[in-house]
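Before we start, here is the structure in question, set down as structure tokens.
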Amino acid sequence: MRVALVYNQKKEDATQQLMTDEHDEPPDQSRGALSILKANQQPSPQQISDRYAEWDTSETISAVQRALAERHDVSMIEADENAYERLRMERPEIVFNMSEGLYGISREAQIPAILEFLQLPYTGSDPLTLATCLDKSRTKEILSYYHIPTPAFYRITHLSELAHNKVRFPSIVKPLHEGSSKGIFNSSIVRNTKELENEVMNILHRYDEPVLVEEYLGGREFTVAMLGNGDDTVVLPIVEIKFDSLPNNVNPIYSYEAKWIWDTSDAPLDIFACPAELSPSLRHEIESICRKAFSVLHCRDWCRIDVRLDANGVPHILELNPLPGILPNPEDNSCFPKAARAAGIGYNQLIQIVLALAAGRNGLAATSPSSFRTTN
């Protein structure tokens, strides 16, 4: 098939940048900046540039292109202002969508909306699901309506609303419309009103968007990769995040520092266990709420779902990622490919399966397996 790969490529390696001013401009000497970060171990959020955290590196984009090119003719289309015209002119048979966007709360939905306007099939969830899942409070409202456990939360658009905060301490403070741990730092766990006020103020100022204040759950954390559609959706081996591998005296959360600074391909942290060691009952409980969340949010083809246990060992859904990260290098600790490898699915096969799932939904014949088995 003629496949277009639509992507956003990082403008710089966000893990190697320090901010120099309020405009979030990176310094000239990125290697020096990274050395400072590693030496400090706990850089302040104000030191870190995370502007392009959600975008993919050239290494990832090239890996996806190679995987698709094993079976298909692939054209590359960057998700910029020229994307609409290129898609209109080229009219591929199907699009492999990995574009994250940059501006607006519905940025992940922008390319899929264009594709629907042009009536071009594409991989992954539709614009409504992508926009909803990027709004953490809207996602949690839907989960709550369907009685799917999720931590108690509060949405703040102005500092004055802190007076009505109903979430008990400790809490975790997050930007409402971000992914890839963007805006979630070691300081995001707050234990009193002053810390809460500081974190809310920082996010309102830095990201110019609402804030999610969420009850912090102190139990184990997992991420769950899912492939498929409807009753054929498969849960891949569950990944556990091992917080004891983090530097001493930091909060046990998968923060931006943990994901992009302390854990590097040249010095990877032993931060994941896959398959996670779970009792049959807990595994069933996690899989059950993830399947239900995948269904009620109308996810398609694939999604990664983050789960955390409360003090009583009850799993709660933190968020859904219907546009999951897929770094190809095993040393990069990318959760979805890691879960796939544990299921006996290689990187190229994973990409081909996602394309085949989308092709099948759209009545197209893809030259890769539309069904698959896992060792989970």
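Here is a list of conditions, (1) surrounded by 15 or more Cβ atoms within 10 Å (Cβ to Cβ); (2) at pLDDT 65 or above; (3) of a type outside the set (Gly, Ala, Ser), and Glu81 meets all of them except one; can you say which number that is?
Single failed check for Glu81: (1).
Does segment 78-119 hold any residues that are touching a Leu at 6+ places or on another chain (Cβ under 9 Å) and farther than 16 Å from Leu130 by Cβ, and which are they?
Residues satisfying the conditions are Tyr84, Leu87, Arg88, Arg91, Pro92, Glu93, Ile94, Leu118.
Now, a different point. Quick check, is Ser106 under 16 Å from the mean Cα position of the chain (by Cα) and at positive phi?
Spelling it out, it is not the case that Ser106 is under 16 Å from the mean Cα position of the chain (by Cα) and at positive phi.
Let me ask something else about it. Could you run through segment 94-104 and say how many residues are at pLDDT 95 or above and aromatic (Phe, Trp, Tyr)?
Counting residues in segment 94-104 that are at pLDDT 95 or above and aromatic (Phe, Trp, Tyr) gives 1.
It is to be established whether one or more residues within segment 262-271 are in contact with a helix residue (DSSP H, G or I) (Cβ under 7 Å, 6 or more places away or on another chain), within 29 Å of Arg300 (Cα to Cα), outside the structural domain of Gly101 (by TED's automatic domain parsing) and in contact (Cβ under 8 Å) with a residue 60 or more places away in the chain.
Checking segment 262-271: at least one residue is in contact with a helix residue (DSSP H, G or I) (Cβ under 7 Å, 6 or more places away or on another chain), within 29 Å of Arg300 (Cα to Cα), outside the structural domain of Gly101 (by TED's automatic domain parsing) and in contact (Cβ under 8 Å) with a residue 60 or more places away in the chain.
Spot the failing condition for Glu331; the list is (1) out of contact with any Leu (no Cβ under 7 Å at 6 or more places or on another chain); (2) under 27 Å from Ala109 (Cα atoms); (3) of a type in the set (Asp, Glu), and only one is missed.
Result: Glu331 passes all but (2).
Which residue out of Pro247, Pro237, Pro170, Pro252 is farther than 25 Å from Glu108 by Cβ and in contact with a Cys (Cβ under 6 Å, 6 or more places away or on another chain)?
Being farther than 25 Å from Glu108 by Cβ and in contact with a Cys (Cβ under 6 Å, 6 or more places away or on another chain) holds for just one of Pro247, Pro237, Pro170, Pro252, which is Pro237.
Out of segment 185-203, which residues are crowded, with 20+ Cβ neighbours inside 10 Å, hydrophobic (A, V, I, L, M, F, W, C) and not in a loop (DSSP other than H, G, I, E, B)?
Ile189, Val190, Leu196, Val200, Ile203
Ala63 is checked against (1) outside any helix (DSSP H, G or I); (2) surrounded by fewer than 23 Cβ atoms within 10 Å (Cβ to Cβ); (3) not charged (D, E, K, R) and fails just one. What number does that condition carry?
The single condition Ala63 does not satisfy is (1).
Yes or no: Arg107 at pLDDT 95 or above and among the basic types (Lys, Arg)?
no
Still on this model: Scan (1) loosely packed, with under 15 Cβ neighbours inside 10 Å; (2) among the hydrophobic types (A, V, I, L, M, F, W, C); (3) more than 21 Å from Asp208 (Cβ to Cβ) for the single condition Ile111 breaks and write down its number.
Every condition holds for Ile111 apart from (1).
May I pose another question? Determine which single condition Ile184 fails, assuming it passes every other condition in (1) touching a Leu at 6+ places or on another chain (Cβ under 8 Å); (2) aliphatic (A, V, I, L, M); (3) in contact (Cβ under 8 Å) with a residue 60 or more places away in the chain.
Ile184 satisfies all of (1) touching a Leu at 6+ places or on another chain (Cβ under 8 Å); (2) aliphatic (A, V, I, L, M); (3) in contact (Cβ under 8 Å) with a residue 60 or more places away in the chain except (1).
Also: Of Met89, Met76, which residue is part of a strand (DSSP E or B), over 16 Å from the mean Cα position of the chain (by Cα) and either assigned by TED's automatic domain parsing to the domain that holds Asn198 or over 27 Å from Arg291 (Cβ atoms) (or both)?
Met76
Here's a follow-up. Please count how many residues of segment 151-183 are surrounded by fewer than 17 Cβ atoms within 10 Å (Cβ to Cβ) and either among the acidic types (Asp, Glu) or in a loop (DSSP other than H, G, I, E, B) (or both).
Going through segment 151-183 one residue at a time, the tally reaches 9.
The values are calculated or read from the model by the stated rules, or taken from the named source; none is laboratory data. All of these numbers come straight from a predicted model, not from anything done at the bench. Heads up, the Cβs are rebuilt from the backbone with ideal geometry, glycines too, and the neighbour counts pull from every protein chain shown.
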